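Okay, structure first, notes after.
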Amino acid sequence: MTARGRFVARLMTMLMALAAFVTLGAGPAAAGNSGTVQYVALGDSYAAGQGGGEYLNDCLESPNGYPYLLDSKMRIDLRANAACTGASTSEVISTQLSKLNKDTELVTLTVGAADLDLSGVLAACTVVPPDPVGCQNAINIALGQLAVLGGSLSELYTLVDNAAPNALIVVTGYPYLFEIVPGDPTAAIKDQINDAITILNGTIQRAVEAQPDGVKILYVDVTAEFAGHGIGSEEPFINSDGDDAYHPNAAGYRAYAKAIFAAIRSAWLDDNKQAA
């Protein structure tokens, strides 16, 4: 069977399991049951679920994060959430890839913000009173690391594929943090931050698209799911203060899970048409 054929077969198994879940109303399948997809989550705080609350460990892994939502609602068997708050691409490589093996069929990955010290950028950009020049300087320093980040991401995706050769790798971007409200005196700074996230997401997407044809990988843009729900909106999907500031809340992680599943389903439909 060709690599494309194996890919279609794996995704068909996934969709059949999901269809059974919807039709029968069954709960999550136990590990090892036929029709489930073995899943491992990798990455940083967004993959761990920081902001979702009810933390399970020092990595701020939350049962309200998108890995657990995929596991509980979509008949996907989450074997491990190896993600950890603050993890960079190099830390994913050194501490998380050991959770993968040839039986892993689905990998999700959110990482890259820590490589650019996004938390440091946000600290510089949210001082009171606002400092647009200091904010832009911090952003420029971060963006100066984009070439290095692109290379690190490419290496990481290759290593994930090597460690889990039978897996579909789903790489996500980051949402815009702020909703720009008319009359907001800090609108310019918030625009600067959102623009920087656009550039970060573009770097991640290009690294995904640069992978060889044999690597089963796709990029998921989550910005549409978060549109109208940034900090400053009536129904924010992102925490605005406290230790979890600038991370999705439970609603935000539901948006992440929705975007990831839609992308997986779309990939299966496209590949199935090509194989027919």
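Here, each number is a calculation from the coordinates, and none is a lab measurement. In this text, all values refer to a predicted model and were calculated from it rather than measured experimentally. All Cβ positions, even for glycine, are placed from backbone atoms using ideal geometry, and neighbour counts span all protein chains on display.
Applied to the stretch 56-62, the Karplus parametrisation 6.51 cos²θ - 1.76 cosθ + 1.60 on θ = phi - 60° returns per-residue 3J(HN,Hα) values of 9, 6, 5, 7, 6, 6, 10 Hz, with x for Gly and Pro. A cut-off of 5 Å between modelled amide H atoms, ignoring neighbours fewer than 5 places along the same chain, links residue 246 with 239, 240, 241.
Converting phi to 3J(HN,Hα) with the Karplus coefficients 6.51, -1.76 and 1.60 and the offset θ = phi - 60°, the stretch 217-228 yields 9, 9, 9, 10, 8, 9, 5, 5, 5, 9, 4, x Hz in sequence order, with x at every glycine or proline.
At a 10 Å Cβ-Cβ cut-off, how would you order 219, 174, fewest neighbours first?
Going from least to most buried by this count: 219, 174.
If we count other beta carbons within 10 Å of each Cβ, what is the order of 70, 200, fewest first? Write down the numbers at each step before the final one.
Values: 70 24, 200 21.
Listing 70, 200 from fewest to most nearby Cβ atoms yields 200, 70.
Packing, as the average of other Cβ atoms within 10 Å across residues, places the peptides 122-133, 55-66 in the order 55-66, 122-133, highest first. In order along the stretch 169-178, the Karplus-derived 3J(HN,Hα) couplings, from 6.51 cos²θ - 1.76 cosθ + 1.60 at θ = phi - 60°, round to 9, 10, 9, 9, x, 10, x, 5, 7, 10 Hz, and Gly and Pro are given as x. Residues whose amide H comes within less than 5 Å of that of residue 220, counting only those at least five positions distant or on another chain, are 171, 172, 173 (H built at 1.01 Å from N in the peptide plane).
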